[in-house]
Amino acid sequence: MTEPAPTLRSLLSRRDLGLALADPDLPAGALDAPLRWVHSSDLVDPTPFLADDLLLLTTGTQFAAGDGDEDDDARYVAYVARLQTRGVRGLGFGTEVARDGIPPALAVACREAGMPLFEVPYRTPFIALARANAEAIAAEAYARRTWALSAQRALSLAALRPDGLTATVAELAKQLDTWVGLYDAAGLLTHHTGGLSDEVLAGLAAEVGTVLRRGARAGSTLERDGARFTLQTLGRGGHLRGAIVIAGAGLDLEGRGVVTSVIAMAGLALEQNVGLDRAYAALRAGLVQSLLTDDPALARRVGREIWGALPPAPVVVAVAQIPSGRADAAAGWLELQATETRASLFHGRGPDGLVLVTAEGSPVPAQLAELFEAAVGVADPAPYSAVSRAHAQAVTALRRAAPGSAVAFAEVAATGVLAGLDSPDARARADAHLAPLRAHDAAHGSALVETVRVWLQHDARIDAAASALGVHRHTVRARVAQAQTLLGTDLGAFPARAELWAALVATG
């Protein structure tokens with residue numbers, strides 16, 4: 001991906017400069033750190049005037065006055081330590097100017113500090129090293145700009161292919177010579193260049209999913225198993241379409257420019273799909289309405305032409321309510337599921353929420369609930385001729401589903417018909433029905449509501465109710481008669497008793 005940066009090793013390899021390394025036994029990488037510039041100074045402490053990643057040249061005049069002193073060695077050690085602390089990458093000593101050869105104490109101090117030290121012969125002016133390094137920096141910059149233009153051209157050609165987005169991601173990985181992954185709106189990895197372990201991929205998917213769920217555009221750095229990754233979301237804030245993740249450390253200016261262009265192209269491509277997605281969503285909604293007439297002919301014919309065959313009967317109908325901030329991501333995820341599992345899923349907007357028609361045993365309804373905090377109701381398996389009934393079952397189950405859960409109609413049906421009274425509408429009707437009894441109890445301290453509840457629980461038997469309440473049977477009979485008067489109904493008839501019991505169940 002990159003040309004070698006200007007380094008001390010590249011300068012030492014220039015035969016025309018005649019440089020000689022004093023001690024080749026150096027720490028690994030000591031000669032390969034990038035050099036920003038070359039500077040010369042004979043100050044005892046030049047560090048206030050130096051920058052990081054710099055090569056310092058000296059003729060050693062700052063040491064001449066102390067030669068032969070007992071603290072000579074200490075002065076060299078302190079000098080080298082100052083340079084190393086400041087971030088100097090190497091020291092060049094110009095010989096035959098102030099003295100012949102490199103001072104042995106300086107060589108020892110550099111060896112012990114791991115500081116590269118080399119001799120600059122008299123015939124090589126210091127400015128020649130500065131010019132050689134500047135030329136290398138300029139050559140590297142030119143090479144990087146040339147690479148960036150070539151990469152942009154290759155990426156543009158990839159974007160014109162039928163599989164433009166995935167082709168662009170693959171080309172980006174090739175140009176950067178690293179792993180690149182493309183994630184959809186649900187945080188699922190849809191394309192990558194391979195080479196990462198399952199554990200790392202799982203960790204990245206979790207991080208990407210968290211970022212996408214926040215819904216805000218973001219660029220961040222992730223770390224997994226000691227490796228660094230750069231993440232960039234795709235799409236507009238609140239309507240994110242996915243993310244691109246790139247392995248490796250930070251990119252230089254040209255590399256960032258190439259990545260930025262890919263992000264822009266990918267974001268534009270995904271945004272341009274929004275209009276098409278809306279048209280498809282409207283068509284799906286129309287086909288859902290057609291299926292709810294219990295005649296699948298139209299949905300089969302149209303669906304086969306665009307998305308493929310409908311799931312085989314018997315099918316499971318589910319109805320989902322998805323938080324508005326997660327709707328786009330959920331739609332993208334469902335499209336991916338429908339594409340990857342042909343003839344096992346159809347979905348579209350319905351009158352009570354998103355309708356899913358899946359093959360029997362499909363995990364999609366439960367996964368949708370878990371991934372997108374959706375409330376999902378799931379009907380019993382049914383033929384296409386009974387989709388409307390299955391839809392009603394799914395809506396009934398949906399009323400019992402909390403966000404992030406999928407409830408099967410079979411679970412609701414097992415609780416009995418009266419469990420359906422647990423709704424605001426039923427409670428409001430029940431409160432109105434029992435209001436006369438409660439008002440009388442409040443005004444007179446009576447226990448009409450409790451008495452009729454126990455009476456009905458004991459199959460309307462006076463003696464059994466009296467025993468349960470701990471009162472005389474005549475008291476129970478009188479209270480039931482008074483309740484009958486207040487309600488204006490004949491509690492000797494089964495429909496009236498059933499109505500009263502339903503009201504008592506609905507109010508708890």
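Nothing in this text is a laboratory measurement; each read-out follows from the coordinates by a stated rule. The structure presented is a predicted model; accordingly, all values stated were derived computationally and were not measured. Ideal geometry is used to build each Cβ from the backbone, glycine not excepted, and the neighbour counts take in all protein chains shown.
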Quiz item: Helix hunt in the chain: which complete DSSP H runs extend at least 30 Å axially by C-alpha with mean Kyte-Doolittle at least 0.0?
Solution: 126-159, 253-291
Practice problem: Report relative contact order for the chain in percent, whole number only (criteria: Cα-Cα under 8 Å, sequence separation at least 6). | Solution: 8
Self-check item: Descending principal axes extents, the stretch 8-136, alpha-carbon based, whole Å
Solution: 42, 29, 29
Quiz item: What's the center-to-center distance, using Cα atoms, between the stretch 431-488 and the stretch 166-228 in Å?
Solution: 68
Quiz item: Ranked from highest to lowest mean number of other Cβ atoms within 10 Å per residue, what is the order of the peptides 255-266, 189-200, 465-476?
Solution: 255-266, 465-476, 189-200
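So if I average 1/r over every pair of distinct C-alpha atoms in the stretch 285-336 and take the inverse, what Kirkwood radius in Å does that give? Working shown, then result.
Values: mean 1/r = 0.0790 Å⁻¹.
Here the Kirkwood hydrodynamic radius works out to 12.7 Å.
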Practice problem: Under 10 Å from the Cβ of Glu373, count the other residues' Cβ atoms, weight Lys and Arg +1, Asp and Glu -1, and hand me the total. | Solution: +1
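Report the extension gain between Ala432 and Asp100 in nm, rounded to one decimal, defined as 0.36 nm multiplied by the number of residues separating them, less their alpha carbon distance. Provide the component values of the computation, followed by the final result.
Values: separation 332, 0.36 × 332 = 119.52 nm, distance 11.06 nm.
Length gained, Ala432 through Asp100: 108.5 nm.
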Quiz item: log10 I(q)/I(0), Debye, Cα-only the stretch 424-506, no solvent, q = 0.11, 0.26 Å⁻¹?
Solution: -0.26, -1.40
Quiz item: How large are Rg and Dmax for the stretch 161-272 when only the alpha carbon atoms are used, in Å?
Solution: 12.8, 37
Quiz item: Based on DSSP H runs of at least 4 residues, each adding -39500 (n - 2.57), what is the mean residue ellipticity at 222 nm of the chain after dividing by all its residues, to the nearest 500 deg cm²/dmol?
Solution: -16000 deg cm²/dmol
